[in-house]
Amino acid sequence: MTEAKERIDGIVHKNDIVLFMKGTALFPQCGFSSRAVAILERLGADYETVDVLQDPEIRQGIKEYSDWPTIPQLYVKGEFVGGSDIMMEMFENGELQQLVGAAAE
Amino acid sequence: MAMSASEIERLIRAAIPDAEVAITDLAGDGDHYAAKVVSSAFRGMPRVKQHQKVYAALGGRMGGELHALQLQTVAPEEKASD
């Protein structure tokens, strides 16, 4: 495992719900990240965020870690859930609420 | 650098031959698209894998040359329910 992968692995396993995004929850720097935060807020989720713009190693590493080319990326209980499109789809059909609720227990 | 809708469609069809692809240019700027892809190849596949299959078809352009592609993937039998 590379150093970046090890760091990412640590983050996703240490936090039950973590969003890798551009910017912060308060000041998202991209529309997709903003949408992802809005969904988690709407669900009342207790989540952490990682600003990839502050960390080039994680910004690149996270794409390899999940084999996913874009940011934001949501992880729940160490598992990659998806990007903002999948989050929206799962939010609309209630799946995300279940997943996030289960993670909080 | 932007990509044309027809190029996106061509790449997806080349990798997933039975795919029905519908592309919308969201902002009219050739840089922000939404794509709906229907293929039997998605049957029984988790959503993340379905999207990864489309990203693979785009051969690394996603997140680079192609900045924004809202993606919806569907297997044919799920089509009626959306």
For chain A, what is the mean residue ellipticity at 222 nm derived from helices alone (per DSSP H run of n ≥ 4: -39500 (n - 2.57); sum divided by total residues; nearest 500 deg cm²/dmol)? -15500 deg cm²/dmol
Taking each residue in B:53-66, count the Cβ atoms of any other chain within 10 Å of its Cβ, then average. What number comes out? 2
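Pull out a ≥ b ≥ c, the square roots of the eigenvalues of the alpha-carbon gyration tensor of the stretch B:5-81, then state rounded if a/c is under 1.5, prolate if not and a/b is larger than b/c, and oblate in the remaining case. Intermediate values should be presented prior to the final figure.
Numbers: a/c = 1.81, a/b = 1.52, b/c = 1.20.
Prolate shape, in that a/c is at least 1.5 and a/b is the bigger ratio.
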Simple SL model, points at 7 angstrom along Cα→Cβ for B:Asp25 and A:Asp55; separation in nm is 3.9 nm
FRET efficiency, 1/(1 + (r/R0)^6) with R0 35 Å, evaluated for A:Asn93 and A:Thr24 via beta carbons: 0.80
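A 21 angstrom limit on the alpha carbon distance is what I want to check against. Which of A:Lys5/A:Lys63; A:Lys5/B:Lys53; A:Lys22/A:Lys63 exceed it? The partial results should precede the final answer.
Numbers: A:Lys5/A:Lys63 10 Å; A:Lys5/B:Lys53 23 Å; A:Lys22/A:Lys63 13 Å.
In this structure, A:Lys5/B:Lys53 exceed 21 Å between Cα atoms.
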Rg(Cα)/(2.2 N^0.38 Å) for chain A, N = residue count: 0.98
Straight-line reach only, C-alpha to C-alpha below 14 angstrom: list the aspartates and glutamates that A:Lys14 could link to, leaving out same-chain residues fewer than 8 apart. A:Glu6, A:Asp46, A:Glu48, A:Glu79
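At 0.36 nm per residue, minus the direct Cα-Cα distance, what do A:Glu105 and A:Glu48 gain on full extension? Give it in nm, one decimal, please.
Working: separation 57, 0.36 × 57 = 20.52 nm, distance 1.63 nm.
So the chain would gain 18.9 nm between A:Glu105 and A:Glu48.
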Treating only the Cβ of Lys, Arg, Asp and Glu as charged (+1, +1, -1, -1), what charge dipole size does chain B show about its Cα centre? Round to the nearest 20 debye. 360 debye
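Here, each number is a calculation from the coordinates, and none is a lab measurement. Computed from a predicted structure; not experimentally measured. Cβ coordinates were reconstructed from backbone atoms using ideal geometry, including for glycine residues, and neighbour counts include every protein chain displayed.
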